[in-house]
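Data first, discussion second: the structure below is written as structure tokens.
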Amino acid sequence: MILVSRFWTKVFSWGKADAITIYPFIFLKKRIFKDNRQLINHEQIHMRQAVELLIIFFYISYLIEFLFRYLQYRNFHQAYLNISYEREAYSNEADFDYLSKRRFWAFLKYLKK
């Protein structure tokens, strides 16, 4: 379910994202983003990741990996971009058939040192 909420997008992303997935919702900062197929696809990839990891484990591992990447890069944006879940979503957000051919736990191939 896609909801437009500047408030919740800001709360869940510290004001840094245009959209964020908090299962079972995709929150968008602005109504115009509903027309952005690539952004919606990116968030739907996160939705699949969350389901695969039974939702709670997705968010726990997302935060743990973010903290690890932050210690590694000492930069919020670089840490975020190097989270395996984000790497998968950004790499495939323009492929609108990706979710139909995506393998289970595909994010694992995006883990790196």
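The values are calculated or read from the model by the stated rules, or taken from the named source; none is laboratory data. What you see is a predicted model, and the numbers here were worked out from it, not measured in a lab. Counting neighbours? That spans all protein chains shown, and the Cβs are built from the backbone with ideal geometry, glycine included. Side chains are part of the model used for accessible areas, which takes the heavy atoms of the whole protein and leaves out ligands, DNA and RNA. Shrake-Rupley method; radii C 1.70, N 1.55, O 1.52, S 1.80 Å.
Restricting attention to the stretch 1-29, which residues are in contact with a helix residue (DSSP H, G or I) (Cβ under 7 Å, 6 or more places away or on another chain) and outside any strand (DSSP E or B)?
Filtering the stretch 1-29 down to residues in contact with a helix residue (DSSP H, G or I) (Cβ under 7 Å, 6 or more places away or on another chain) leaves 2, 4, 17-23, 26-29.
If the condition is that a residue be in contact with a helix residue (DSSP H, G or I) (Cβ under 7 Å, 6 or more places away or on another chain) and outside any strand (DSSP E or B), then Ala17, Asp18, Tyr23, Lys29 are the ones that fit.
If Arg74 satisfies every condition in (1) open to solvent by 50 Å² or more (accessible area, probe 1.4 Å); (2) more than 23 Å from Lys112 (Cα to Cα) but one, which is the exception?
Failing condition for Arg74: (2).
Among the residues of the stretch 77-105, count how many are open to solvent by 60 Å² or more (accessible area, probe 1.4 Å) and either free of Cβ contacts under 8 Å to residues at least 40 places away in the same chain or part of a helix (DSSP H, G or I) (or both). Talk me through it step by step, then tell me what you get.
Residues of the stretch 77-105 that are open to solvent by 60 Å² or more (accessible area, probe 1.4 Å), as a first pass: 77-78, 87, 90-91, 94, 96-97, 100-101, 103-105.
From the residues that got through so far, the ones that are either free of Cβ contacts under 8 Å to residues at least 40 places away in the same chain or part of a helix (DSSP H, G or I) (or both) too are 77-78, 87, 90-91, 97, 100-101, 103.
Residues in the stretch 77-105 being open to solvent by 60 Å² or more (accessible area, probe 1.4 Å) and either free of Cβ contacts under 8 Å to residues at least 40 places away in the same chain or part of a helix (DSSP H, G or I) (or both): 9 in total.
Six or more apart or on different chains, Cβ under 9 Å: which pairs go from a residue in the stretch 1-21 that's in contact (Cβ under 8 Å) with a residue 60 or more places away in the chain to one that's open to solvent by 20 Å² or more (accessible area, probe 1.4 Å)? Could you list them?
The qualifying pairs are Lys16/Lys10; Lys16/Phe76; Lys16/His77; Lys16/Tyr80.
Among the residues of the stretch 1-45, count how many are buried (at least 16 other Cβ atoms within 10 Å of the Cβ), within 13 Å of the chain's Cα centre (by Cα) and under 19 Å from Ala94 (Cα atoms).
Total satisfying the criteria: 14.
With respect to Phe68, is the statement that it is more than 21 Å from Trp8 (Cα to Cα), of a type in the set (Phe, Trp, Tyr) and either in contact (Cβ under 8 Å) with a residue 40 or more places away in the chain or assigned to a helix (DSSP H, G or I) (or both) true?
On the way: more than 21 Å from Trp8 (Cα to Cα): yes; of a type in the set (Phe, Trp, Tyr): yes; either in contact (Cβ under 8 Å) with a residue 40 or more places away in the chain or assigned to a helix (DSSP H, G or I) (or both): yes.
Against the criterion (more than 21 Å from Trp8 (Cα to Cα), of a type in the set (Phe, Trp, Tyr) and either in contact (Cβ under 8 Å) with a residue 40 or more places away in the chain or assigned to a helix (DSSP H, G or I) (or both)), Phe68 qualifies.
Condition check ((1) in contact with a Leu (Cβ under 8 Å, 6 or more places away or on another chain); (2) closer than 18 Å to Ala17 by Cα; (3) at pLDDT 95 or above) across all residues:
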site	(1), (2), (3)
Val51	no, no, yes
Ser61	yes, no, yes
Tyr70	no, yes, yes
Asn75	no, yes, yes
Phe104	no, no, yes
